[in-house]
Amino acid sequence: MVGRRVRSRRKWRRVLGVLAELEERCATPVGKLKQVVDAMAVEMHAGLASEGGSKLKMLLTFVDRLPSGSEKGTYYALDVGGTNFRILRVQLGGQRSSILEPHVEQQAVPAHVMTSTSENLFDLIASALKEFVDRGEDGSKTLVSRRGELGFTFSFPVKQRSVSSGILIKCTKGLHIEDMVSQVRREVTECLEQAMSRKRLNMRVAVLVNDTVGTLALGHYHDEDTVAAVIFGTGTNACYWERTDAIIKCQGLLTTFGGMVINMEWGNFWSSHFPSTSYDTDLDSHSSSPNDQGFEKMISGMYLGEAVRRVLLRMSRESDIFGTVPSRLSVPFIFSLTGLMNATEFHGIPLFNFRIPMISAMHEDDSPELIEVARILEDDLEIPDVPLKVRKLIVKLCNVVTRRAARLAAAGIVGILKKIGRDGSGGITGGRTRSDVKMRRTVVAIEGSLYTSYTMFREYLHEALWEILGEDIAPHVILKVIEDGPGIGAALLAATYSKDSVCG
Ligand code: ADP
Ligand code: MG
């Protein structure tokens, strides 16, 4: 009896040791964050200097003007690129403020379609689009006589050939369409346009963008100080407005207003300064994209819970916190599931429970007895009767992983600001101090429900932003949530580019 208690205490100490070690390895003091900021700015330069010069691809978007506010007419947008796809119709009245009550429809892409053929994927999307258009606003078939203009948001890494065409570089975020990344790559817009013509839908892709670019377009439409856009959702990415002369790898690039939106594909950023752990290494090597998307794997919604699961699995193997090792803890990505996915089950687990990803539901349980944590453990993970001290430990674990993610995300944002001289450090010459520097108001558009729905993530991000920038500069940097940015922004860009789509 006594022996068992001693053994049990020893095992508990081991569990605490696992957590303490994790906390230490995941530490992100402001000095480290500043190293990440510098690394981001350096990699951005390198990615702009030459093709393949950095893990940051710094892709040209050919978006060289942003919506002016005078756009008029009805435009459609299609937002594909994560858990769900969305179809929108936007009526533009010609005055900046007169936007925008879009008609929106959302559907999940079934998991088996995400990993089938381009024809299956685009037929599904084109069918939904056709139904949406046919239903019309008031039942009238607006597109019978006139060709519809579509802004197509396709949020995977695309090498653009023009503002309306490009090829998929690689699959990310659970998409795996072999014929789009094989030797003879299919052009993305062509895939959609062919599917639309199979469905007899009279519509043309006016722009092919990603969610970041759409968000920047809408953010800038509302507020001209918007210089960058960042997505925190299933995946993560950023884009920003860059001066043409800084895009060294593309000599002789002609742009309308002396700049172009650059799609950073920052999910692939990596720095030796990252507070990486053995769990991250394992997560990476077991993922479908080893050695790739390192920043995304530390930050984005798809991976946060998976890191937590891996630590918890190790704890439960090294101790008796859950008795025998619970089988559901061995299910990859179980902590990242949400009920919005179209599947009704995942490895035999009913998905309706997962409205909110487990990591945030547990992390944000503010009941003294951690009732929600107990419920999730019992109902969703089939681990009953977990003592309070273990439940507290789990909340701490979620906190460590999310805090690291949010703080690294903040460093990424400041990296962009540094690159474009908006972090307050650029103008310091001749002995002037930081506080003398006249800071321009700088707005960063943000989209994605990891940021909008996970309060702790958002708060940790803001806190780190202040720590890095300091109180003189931070008030000039505004993070603004741009709802429906990927969709409405793409419709706005479709309007902007509706007459002359070929560019570059
Ligand atoms: P997508 O990135 O698929 O376009 P969203 O921006 O809505 O869509 O992001 C969805 C992802 O954000 C989910 O897969 C999940 O990882 C994360 N997420 C959504 N809500 C929450 C939440 N409350 N807490 C933590 N993560 C969340
Ligand atoms: Mg999205």
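Conditions (1) at pLDDT below 95; (2) more than 20 Å from residue 296 (Cα to Cα), marked per residue:
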| residue | (1), (2) |
| --- | --- |
| 63 | no, yes |
| 82 | yes, no |
| 95 | yes, yes |
| 101 | yes, yes |
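So that you can scan it fast, the table gives a plain yes or no per residue for (1) crowded, with 22+ Cβ neighbours inside 10 Å; (2) acidic (Asp, Glu); (3) under 22 Å from the mean Cα position of the chain (by Cα); (4) more than 16 Å from ligand 2 (Cβ to nearest atom):
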{"position": "214", "(1), (2), (3), (4)": "yes, no, yes, no"}
{"position": "222", "(1), (2), (3), (4)": "no, no, yes, yes"}
{"position": "228", "(1), (2), (3), (4)": "yes, no, yes, yes"}
{"position": "231", "(1), (2), (3), (4)": "yes, no, yes, no"}
{"position": "254", "(1), (2), (3), (4)": "no, no, no, yes"}
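Does residue 314 satisfy the condition of being open to solvent by 10 Å² or more (accessible area, probe 1.4 Å) and over 27 Å from the mean Cα position of the chain (by Cα)?
Against the criterion (open to solvent by 10 Å² or more (accessible area, probe 1.4 Å) and over 27 Å from the mean Cα position of the chain (by Cα)), residue 314 qualifies.
Please go through the range 256-277 and pick out each residue that is open to solvent by 50 Å² or more (accessible area, probe 1.4 Å) and modelled with pLDDT under 95.
If we filter the range 256-277 for residues that are open to solvent by 50 Å² or more (accessible area, probe 1.4 Å), which is where we start, we get 256-257, 270, 272-273.
Across the range 256-277, the qualifying residues are 256, 257.
Could you check, for the range 170-177, whether at least one of its residues is crowded, with 22+ Cβ neighbours inside 10 Å, within 23 Å of residue 260 (Cβ to Cβ), away from ligand 1 (no atom under 16 Å from the Cβ) and among the hydrophobic types (A, V, I, L, M, F, W, C)?
No, every residue in the range 170-177 fails to be crowded, with 22+ Cβ neighbours inside 10 Å, within 23 Å of residue 260 (Cβ to Cβ), away from ligand 1 (no atom under 16 Å from the Cβ) and among the hydrophobic types (A, V, I, L, M, F, W, C).
All but one of (1) more than 22 Å from residue 37 (Cα to Cα); (2) at pLDDT 95 or above; (3) of a type in the set (Asp, Glu) hold for residue 380; state the number of the condition that does not hold.
Condition not satisfied by residue 380: (2).
Could you list all residues from the range 233-250 that are over 16 Å from the mean Cα position of the chain (by Cα) and open to solvent by less than 20 Å² (accessible area, probe 1.4 Å)? Before the answer, list the steps.
Step one: list which residues in the range 233-250 are over 16 Å from the mean Cα position of the chain (by Cα), which gives 241-250.
242, 246, 247, listed by residue number.
Do the conditions hold for residue 356, that is, is it modelled with pLDDT under 85, touching a Lys or Arg at 6+ places or on another chain (Cβ under 8 Å) and part of a loop (DSSP other than H, G, I, E, B)? Walk me through it before giving the result.
Working: modelled with pLDDT under 85: yes; touching a Lys or Arg at 6+ places or on another chain (Cβ under 8 Å): no; part of a loop (DSSP other than H, G, I, E, B): yes.
Here the answer is no, as residue 356 does not meet what is asked.
In this structure, is residue 279 within 24 Å of the chain's Cα centre (by Cα) and without any contact (Cβ under 8 Å) to a residue 40 or more places away in the chain? Let's see the steps before the verdict.
Details: within 24 Å of the chain's Cα centre (by Cα): yes; without any contact (Cβ under 8 Å) to a residue 40 or more places away in the chain: no.
It is false that residue 279 is within 24 Å of the chain's Cα centre (by Cα) and without any contact (Cβ under 8 Å) to a residue 40 or more places away in the chain.
Please determine, by comparing only the residues of the range 482-497 that are open to solvent by 10 Å² or more (accessible area, probe 1.4 Å) and in contact with a Lys or Arg (Cβ under 9 Å, 6 or more places away or on another chain), which one is nearest to ligand 1 (Cβ to nearest atom).
So the residue we want is 484.
Select, from 298, 302, the only residue that is within 16 Å of ligand 1 (Cβ to nearest atom) and at pLDDT below 95. Step through it out loud before you land on a result.
Details: 298 fails: at pLDDT below 95.
Residue meeting the stated conditions: 302.
Which of the residues spanning the range 143-169 are in a strand (DSSP E or B) and either open to solvent by less than 20 Å² (accessible area, probe 1.4 Å) or within 16 Å of ligand 1 (Cβ to nearest atom) (or both)?
Here is the first cut: in the range 143-169, the residues in a strand (DSSP E or B) are 148-154, 158-162, 165-168.
Result: 148, 150, 151, 152, 153, 154, 158, 162, 165, 166, 168.
Taking strands (runs of 3 or more DSSP E) that fall entirely within the range 1-118, which contain at least 1 residues that are open to solvent by less than 60 Å² (accessible area, probe 1.4 Å) and away from ligand 2 (no atom under 16 Å from the Cβ)? Spell out how you get there, then give the answer.
On the way: elements: 72-80, 84-93, 103-108.
Strands (runs of 3 or more DSSP E) meeting the threshold: 72-80, 84-93.
Check whether at least one residue in the range 435-452 is part of a helix (DSSP H, G or I), at pLDDT 95 or above and surrounded by fewer than 19 Cβ atoms within 10 Å (Cβ to Cβ), and report yes or no. Steps first, answer last, please.
Of the range 435-452, the ones part of a helix (DSSP H, G or I) are 435-436, 449-452.
Next, from what is left, pick out any that are at pLDDT 95 or above: 450-452.
From the residues that got through so far, the ones that are surrounded by fewer than 19 Cβ atoms within 10 Å (Cβ to Cβ) too are 452.
Yes.
The values are calculated or read from the model by the stated rules, or taken from the named source; none is laboratory data. Remember, it's a predicted structure, so these values are computed and weren't measured experimentally. Reconstructed Cβ throughout: ideal geometry from the backbone, glycine too, with neighbour counts over all protein chains shown. Accessible surface areas use protein heavy atoms only, side chains included; no ligands, DNA or RNA. Shrake-Rupley method; radii C 1.70, N 1.55, O 1.52, S 1.80 Å.
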